[in-house]
Amino acid sequence: MTEMTESKTINVNGKSGFESVFIDRYSEKAYLNYAMTVIMNRALPGIGDGLKPVQRRVLYAMSELGLKSTSKHKKSARTVGDVLGKFHPHGDLACYEAMVLMAQPFSYRYPLIDGQGNFGCADDPKSFAAMRYTEARLSAFSDIFLSELGMGTVEWTPNFDGTLWEPAVLPARLPHILLNGTMGIAVGMATDIPPHNLVEVVGACVHFIDHPDADVAALCEFIQGPDYPGGAEIISSRQDLMEIYRTGNGSVRMRASWSTENGDIVITRMPHQVSPAKVIEQIAALMELKKLPMIADIRDESDHDEPVRIVITPSSSRVDIDALMLHLFAVTELERTCRVNLNMIGLDRKPAVKTLPGLLTEWLAFRTETVRKRLSFRLEAVADRLHILDGLLIAYLNLDRVITIIRHNDEPKPLLMAEFDLTDDQAEAILQLRLRHLARLEEARLLKEKQALEKERGDIEKILTSETRMKTLIKKELLADAEKYGDPRRTVIVERRNARAMAPVDLSPAEPVTVVLSKQGWARMAKGSDIDPEALIYKTGDGFLAAARGRSNQSAVFIDSTGRSYSLPVRDLPSARGHGNPLTGYFKNPPQSRFITVIMEPAERKLLMASTAGYGFITAMENLFTRNQKGKALLTVPEGTRPMLPLIADEDMADAHVGAVTAQGRMLAFPLSELPELPKGKGNKIIGIKSGDIGSGADSLKHLFLIPSGATLIIIAGKRHFRLVPGNIANFIGRRGQRGKKLPRGFQNVDAVTVEPAAPAPAPEPPPSPAELQTPEPDSMGTTAED
């Protein structure tokens, strides 16, 4: 089929005038027209006044209704009706919402409309009353748009039906595009411009006028960052903020402001457009799910004086408030990210993302042209008035003749023009004079007015012909408006720690518990630390193997016979009322392996890990934790050997010795500091054992223990035992890795070794009192009373 490149006219039912086009081309053209309409006439603001068309029309309609800041309020329905009927033929609700938005102090940094009635609240901005109930007028700040409107500063375009004229842009005296910002979604693009502080923006404008080549870093010395109406905190770094102004895109991280009062947490500022009621609902929902055991109560104490006041009561004084708030920042909207996209319609009528220098360059060009038009308009008005004054002064100099001409002629204007060389405007002004204006004082007033206007004309001409004077005037006007409308910054820019959600273990209540491990690898948890694990009921053929005491918010570590470690939150274990669950249901341990012990210690606690092959090392408890169901290869165990039970080797054991006894009855002791600290591995040799004896099972490391300074060892062999006091232990001290010395005959088949700590030194006796030092007097028999 040949592609049709042009449309053609066809006849339908004998009627001509119908046009045939391909549907894809028609759809493309229609969609592009719609997209351009949305972009240019609805969603994106203009860089000149920072307003969308509907906002501009609302302000202009209200000014035409005389709703200035000094006038009485009028029904909002009256304004909406004028806007719809004259300038904006769209939905009344959309128009009213735009009007309400400009009146909300929590949405606009500098509200443009002064509303009276229910215009919504921060909890629900769309809860405003219907337009028939509310009233409105322009705010004092809106004067920056309207004060120069009738001074020849703007272009006028016909309205939608061509019966009225409306301004294409309002002559804003300040860069409103940055002051209140805006947001909107167009077709294929969007805009998110945050509000800023007026004083900071004016400072940047003045600096940029004096230094047109200023970069973002120089401008950010004035503009610290966005300044949202609700306050709160900006926690983005200075580099991130500068990057936003350098590229026109980015995001701002905001966080609620809070403090503590009598142990309670009081939140007083919320991030932009975050509902306090929604945050309370989020926290209450987490409390109901028992995911916030650190919070006992939350209540809303907001009122007219304090629009935001959320009080959170911790469950106890031991709660880490800083950690709790970091958790709330991570799981609720107390912290949120606000997008920034400086997309707007430039002076070339094209949408584009602007950088901060580019934005200020265009706006200052717009402002310069506006001021030039205003001055030119004023210069023309001054010239016209001087022209009229010249004619009036001629009439005063020839007053009698002028009166005679007017009294004796039906058409005096041509005669006046001919006799006194007047223009039509001058002659008309003379004819419009009232008799009371013919007094001598009136002539003096006209001379004074002429002198003032001639001086004003000279000043205007100097400004129009001098770029320096023009810049000075613009700066002066900017600073005057900053002085009149400026206020301190509301949003604080600070550096804060990153939000961090607590682990489920940390959120659980910390109660004392005992984890019990049976010989067949079944585990369970009993509440309390005074449980006798051997007294619990076990399955037939099973029995007690090991137990560990800790807190319910900890994780238990299990070690198997291959040297692998496994960790499991204690809360996941079943109650000790039953037999428990097999650990094989939680972990995928190697076949034929069995669990040998369970440990519950703080993460920083040091442990001595060793195998019966005679090798070992020191490691931190944190190295035993893992989320892998297959466990973690912690201790390398040679074939034919097994792991020893871990020993606690904390700092208080720094001066201790490691004691090792082999199956052949050799004993060695060496300083604990000679063992390395490793995260995993085989470790270093503790005591020398022949490899052949290990392989054949003839010898192995049988007992491992720590000997504190001054401790006594009790060696148990069958029913016999003997004590090794510190002096005798010194005979077995050597270097790590030696074979050690044989124990006395009869005690080489050691069944157990008990470490008896040194007895505490006795307290020194107090010195004798003076009375005790006195010798009793002898009696007559030569004896004392004590005798």
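The values are calculated or read from the model by the stated rules, or taken from the named source; none is laboratory data. As the structure is a computational prediction, the values presented were derived from the model and not from experiment. In this analysis, Cβ positions are derived from the backbone assuming ideal geometry, glycine residues included, and neighbour counts consider all displayed protein chains. Note: areas computed on protein heavy atoms with side chains; ligands, DNA, RNA excluded. Shrake-Rupley method; radii C 1.70, N 1.55, O 1.52, S 1.80 Å.
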Subject >> Residue under evaluation Arg318, criteria (1) more than 30 Å from Thr182 (Cα to Cα); (2) open to solvent by less than 70 Å² (accessible area, probe 1.4 Å), criterion not met >> reply: (2)
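Every residue, every condition in (1) loosely packed, with under 11 Cβ neighbours inside 10 Å; (2) under 30 Å from Ala717 (Cβ atoms); (3) modelled with pLDDT of 50 or more; (4) not hydrophobic (A, V, I, L, M, F, W, C), yes or no:
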| site | (1), (2), (3), (4) |
| --- | --- |
| Ile733 | no, yes, yes, no |
| Pro744 | no, yes, yes, yes |
| Gln748 | no, yes, yes, yes |
| Glu756 | no, yes, yes, yes |
| Glu765 | yes, no, yes, yes |
| Pro770 | yes, no, yes, yes |
| Ser780 | yes, no, no, yes |
Original post:
Inside segment 480-499, can you point out the residues that are open to solvent by less than 60 Å² (accessible area, probe 1.4 Å) and assigned to a loop (DSSP other than H, G, I, E, B)?
Top reply: Gly486, Asp487, Thr491, Val494, Ala499
Original post:
Within segment 347-395, can you find the residues that are over 26 Å from Ala444 (Cβ atoms), of a type in the set (A, V, I, L, M, F, W, C) and open to solvent by 40 Å² or more (accessible area, probe 1.4 Å)?
Top reply: Leu347, Val353, Ala365, Phe377
Subject >> Selection count, segment 231-249, where residues are in contact with a Leu (Cβ under 8 Å, 6 or more places away or on another chain) and closer than 20 Å to Leu334 by Cα >> reply: 1
**OP:** Give the residue that is modelled with the lowest pLDDT, with candidates limited to residues of segment 433-455 that are of a type in the set (Lys, Arg) and open to solvent by 60 Å² or more (accessible area, probe 1.4 Å).
**Re:** Arg440
Original post:
In segment 148-157, is there at least one residue being within 20 Å of Gly225 (Cα to Cα) and outside any loop (DSSP other than H, G, I, E, B)?
Top reply: no
**OP:** Would you check if Arg374 is touching a Pro at 6+ places or on another chain (Cβ under 6 Å) and charged (D, E, K, R)?
**Re:** no
Original post:
Residue check: is Glu477 open to solvent by less than 70 Å² (accessible area, probe 1.4 Å) and of a type in the set (Asp, Glu)?
Top reply: yes
Subject >> Total residues in segment 668-704, condition open to solvent by 50 Å² or more (accessible area, probe 1.4 Å), acidic (Asp, Glu) and in contact with a Ser or Thr (Cβ under 9 Å, 6 or more places away or on another chain) >> reply: 1
**OP:** Might you let me know whether segment 500-521 holds any residue that is more than 37 Å from the chain's Cα centre (by Cα), assigned to a strand (DSSP E or B) and exposed (fewer than 14 other Cβ atoms within 10 Å of the Cβ)?
**Re:** no
Subject >> helices (runs of 4 or more DSSP H) wholly inside segment 213-307 containing at least 2 residues that are under 19 Å from Ala122 (Cα atoms), open to solvent by 10 Å² or more (accessible area, probe 1.4 Å) and modelled with pLDDT of 90 or more >> reply: 276-288
**OP:** Filter segment 456-474 for residues that are of a type in the set (D, E, K, R) and either open to solvent by less than 100 Å² (accessible area, probe 1.4 Å) or touching an Asp or Glu at 6+ places or on another chain (Cβ under 6 Å) (or both) and give the result.
**Re:** Glu456, Arg457, Asp459, Glu461, Lys471
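Per-residue answers, yes or no, for (1) on the phi < 0 side of the Ramachandran plot; (2) at pLDDT 95 or above; (3) within 26 Å of the chain's Cα centre (by Cα); (4) surrounded by fewer than 15 Cβ atoms within 10 Å (Cβ to Cβ):
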site	(1), (2), (3), (4)
Lys126	yes, no, yes, yes
Ala136	yes, yes, no, no
Gly152	no, no, no, no
His176	yes, yes, yes, no
Leu179	yes, yes, yes, no
Subject >> Near pairs, Cβ below 6 angstrom, 6+ apart or cross-chain, from segment 734-746 (farther than 23 Å from Leu675 by Cα) to any residue that is in a loop (DSSP other than H, G, I, E, B) >> reply: Leu743/Gly665
Subject >> Positions within segment 61-100 being among the hydrophobic types (A, V, I, L, M, F, W, C) and open to solvent by 70 Å² or more (accessible area, probe 1.4 Å), in sequence order >> reply: Leu93
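I'd like to verify a number: residues in segment 48-59 that are part of a helix (DSSP H, G or I) and open to solvent by 20 Å² or more (accessible area, probe 1.4 Å), how many?
Total satisfying the criteria: 3.
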Subject >> Every pair of residues 6+ apart whose Cβ atoms lie under 6 Å, when the first sits in segment 678-701 and is outside any loop (DSSP other than H, G, I, E, B) while the second is acidic (Asp, Glu) and surrounded by 13 or more Cβ atoms within 10 Å (Cβ to Cβ) >> reply: Asp693/Asp699
